[in-house]
Amino acid sequence: MSKRFSLSVVIGVLILVISVISVKSVYLTAKPTVDTAEAHINEDTATLEGMIHNTGGRDVSCYGFRWGTSSGLDKTENLSGSIDVNKPFSTTITGLKEGVTYYYRAFAVNAKGTAYGDIKSFTVPVKYNAPPIVSITSPGDSMTITPGEVVKISASATDDKKVESMELYINNIAKKKTDGGALTYIWDTSGMDAGKYVIKATAGDGVKADEKTINITVKDDLKKVAQAAVTPAANKVPTRTKTVATPSRGVNYTNMSSYPRLSQYNGSFGQFYYRDTGGGAIEIDPRWIAENIVTIKLPGVNRYVQVHKNAKDNFIQAFTYIQNGTATINGKRVPLLSLVDTIDGTFVSRHVNWNPSEGLSNHSWGIAIDINADNHFRYVNPNWEPDDPNYILWVKAFQPAGFSWGNSYGDSMHYEVIK
Ligand SMILES: [Zn+2]
């Protein structure tokens, strides 16, 4: 074997080796193969997933996702680190918007170039958006007020997202607008005409809106009228005039000569013969009194009063509540008993307002009582005066004991049993 031949062999082998390496490099390696997998959406984020099936015979230097809101895929998520074939890789994209379709594809890069998986897409679901829930916390619905009263209107709203704004209307005239979920408006009713007013509060969350309305009646200024008619005597307080049909039932006895007039029929409390004794006072047939009016001791205040026998239990019940109950005023717990300053009324035989041309007062049946007459011949607005003693007594004692309250017609001292 000549030296020349040996050299040729060496060169030939080298060429062969170089060729094999070159061929392998050019023809036997390739770009990676990569798949795009499904995305997992969670509210405004999505986790994108991909998988490299083959590195193409070279190291994968870079991989990740291209994505965007169009198939242009203008955003790139580059992932680094070693990657195993056939094991998923993922990344989470954030800040996604409801109802928007996003496109994405996985990619992987090796020395041969960049490979892509298929373009896939997903649409971020639009969540159900509930409209705000609006409430008017004060005043109460169907409240009657007198002109000149200042009414604090409070409304609030809640929402599954966020209440953006609220607005208040009175008879569809915008009165106030506010950001957020709470609104307060001071409504001065001075000079308002009597009639019904629709108070409407609206709230919106930017997408959906809702509203709540209540009706407030501004009444004629009866208070002034009634006050003008009243005489100075302590008991001379107005009582609601009952519009009762002509009595259809008589009483078991008649004493027409002494007691020529017959009262209206007052439910389970019956009716009686009476006569006018002047000044709006009446004298009731003593037999009716003997049969119907009883003397009881009011618990707590330990006062003896005359009431109708069918209302007796209500009075006892109300004053038992007063005897045992407490209220919190200005953060202090006080006994209900301390809220009762004066007691008037119960059984007083008279016309409404001591006016002979008016009907008979319910005090004539012994079914009404006047508490704290000073300063309570008027309407009490519970929203304005939540600590008013007569309001507290109404809520905690008289209402649960079956009384109605004269407040609705501007006589907050007056409680009476309705049966
Ligand atoms: Zn009264």
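The values are calculated or read from the model by the stated rules, or taken from the named source; none is laboratory data. Please read these numbers as outputs of a predicted model, since none were measured by experiment. All Cβ positions, glycine included, derive from the backbone under ideal geometry; neighbour counts span all protein chains shown.
Key figures
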| quantity | calculated |
| --- | --- |
| Top-ranked residue in segment 339-360 [being hydroxyl-bearing (S, T, Y) and closer than 19 Å to P286 by Cβ; ranked as nearest to the ligand (Cβ to nearest atom)] | T346 |
| Hits in segment 307-330 - residues which are over 21 Å from N390 (Cα atoms) and touching a strand residue (DSSP E or B) at 6+ places or on another chain (Cβ under 7 Å) | H308, K309 |
| Residues of segment 102-125 classified as at pLDDT 90 or above and either more than 20 Å from V60 (Cα to Cα) or aromatic (F, W, Y) (or both), total | 9 |
| Selected residue (criterion: nearest to the chain's Cα centre (by Cα)) from residues of segment 399-416 that are within 12 Å of the ligand (Cβ to nearest atom) and closer than 16 Å to T320 by Cβ | F403 |
| K309 away from the ligand (no atom under 16 Å from the Cβ) and either under 14 Å from W365 (Cα atoms) or not assigned by TED's automatic domain parsing to the domain that holds A281 (or both) | yes |
| Hits in segment 171-187 (condition: farther than 19 Å from W384 by Cα and aliphatic (A, V, I, L, M)) | I173, A174 |
| Considering residues of segment 361-396 that are away from the ligand (no atom under 12 Å from the Cβ) and among the charged types (D, E, K, R) only, the residue nearest to T342 (Cα to Cα) | D374 |
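Yes or no, residue by residue, for (1) touching a residue at least 60 places away in the same chain (Cβ under 8 Å); (2) hydrophobic (A, V, I, L, M, F, W, C); (3) surrounded by 12 or more Cβ atoms within 10 Å (Cβ to Cβ):
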site: G64; (1), (2), (3): no, no, yes
site: W67; (1), (2), (3): no, yes, yes
site: G72; (1), (2), (3): no, no, no
site: S80; (1), (2), (3): no, no, no
site: I83; (1), (2), (3): no, yes, yes
site: G95; (1), (2), (3): no, no, no
site: G99; (1), (2), (3): no, no, no
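Residue by residue, here is whether (1) assigned by TED's automatic domain parsing to the domain that holds R66; (2) more than 22 Å from K31 (Cα to Cα) holds:
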{"residue": "T76", "(1), (2)": "yes, no"}
{"residue": "Y103", "(1), (2)": "yes, yes"}
{"residue": "N110", "(1), (2)": "yes, no"}
{"residue": "T114", "(1), (2)": "yes, no"}
{"residue": "P139", "(1), (2)": "no, yes"}
{"residue": "S142", "(1), (2)": "no, yes"}
